[in-house]
Amino acid sequence: VLGGGLVPGALILLGGDPGVGKSTLMLDVAAELSKAAPVLYASGEESGLQIKLRGDRMKIDTGDLHVYSEMSIERILSVAEELKVGTVIVDSIQTMFSEKLEMAPGSIGQVREVAAQFLVWTKKQQIPAFLIGHITKEGSLAGPKALEHIVDTVLYFEGPRQHPHRIVRTIKNRFGAANELGIFE
């Protein structure tokens, strides 16, 4: 779906409706990536125990996967550097905040600031990062639509809840083809 693979320094946004399976998909991706290099899965939505229980249900085999229940972008990036990770996954961008701003997590200013800090960090460290984002009732990514312009790649995860199949489609990809499609069961 990434049209050639995961590029060092890439900032990737995965959007989708609440409950479509974004966290489940990314936990599986994190587990696979952690077999090659340490991965930091930062969650502002779920506790470490909740993520562990999901992993147990999925029967995933993790390598060097670190789950961090945190919402501060500054703390997340600090831990990522301490662990010398190969990938960072943030679940979700709407729950994160920067200590530089006195705004609530999920506000337009916070979402932009967090995404901007991730963009600078991924480029400087040459480490790819995934940002998970929710789709609003209007069908756009929660927070500013400008997120799609900040990131390198935009993926949408779609599918009706009552159907066993989900589709990941590429909307934008600075590093490769944008006509890829992934079908998951």
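Tally the DSSP beta bridges in the chain and give the antiparallel ones as a percent, rounded to 5. Before the final figure, lay out the partial values.
Working: 11 of 37 bridges.
Of those bridges, close to 30 percent are antiparallel.
Going highest first, how would you order 42-54, 119-131 by mean Cβ packing within 10 Å? Don't jump to the answer; show the numbers that get you there.
Details: 42-54: 16.7, 119-131: 19.1.
By packing density, highest mean first, the sequence is 119-131, 42-54.
Given the alpha-carbon gyration tensor of the chain, what are the semi-axes of its equivalent ellipsoid in whole angstrom, ordered largest first, with each equal to the square root of 5 times an eigenvalue?
Numbers: eigenvalues 91, 79, 61 Å².
Square roots of five times the eigenvalues give 21, 20, 17 Å.
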query: In the Gaussian network model of the chain, springs joining C-alpha atoms below 10 Å, which of GLU32, GLU102, GLU81 carries the largest mean-square fluctuation?
result: GLU102
query: In whole percent, how big is the carbon plus sulfur part of the accessible area of the chain, probe 1.4 Å, protein atoms only?
result: 55 percent
field: Lysine pairs in the chain with Cα atoms under 25 Å, if 8 or more residues apart or on separate chains
entry: 27
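Expressed in nm to one decimal, what extension gain is obtained for the pair ILE171 and GLU158 from 0.36 nm per residue of sequence separation less their Cα-Cα distance?
On the way: separation 13, 0.36 × 13 = 4.68 nm, distance 1.24 nm.
The span from ILE171 to GLU158 would gain 3.4 nm if fully extended.
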- line: Given a 1.4 Å probe, the accessible area of the chain per residue, as a whole number of Å², is 48 Å²
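Taking Rh as the Kirkwood radius computed over C-alpha pairs, what is the Stokes-Einstein D of region 1-95 at 20 °C in a medium of viscosity 1.002 mPa s, expressed in µm² per second? Show your work: numbers first, answer last.
Working: Rh = 13.7 Å.
Estimated diffusion coefficient is 157 µm²/s.
The values are calculated or read from the model by the stated rules, or taken from the named source; none is laboratory data. What you are looking at is a predicted structure, and each value in this text was computed from that prediction instead of being measured. Quick reminder, even Gly has a Cβ in these numbers, built from the backbone with ideal geometry, and neighbours come from all protein chains shown. Accessible surface is based on the protein model in full, side chains and every heavy atom, while ligands, DNA and RNA are left aside. Shrake-Rupley method; radii C 1.70, N 1.55, O 1.52, S 1.80 Å.
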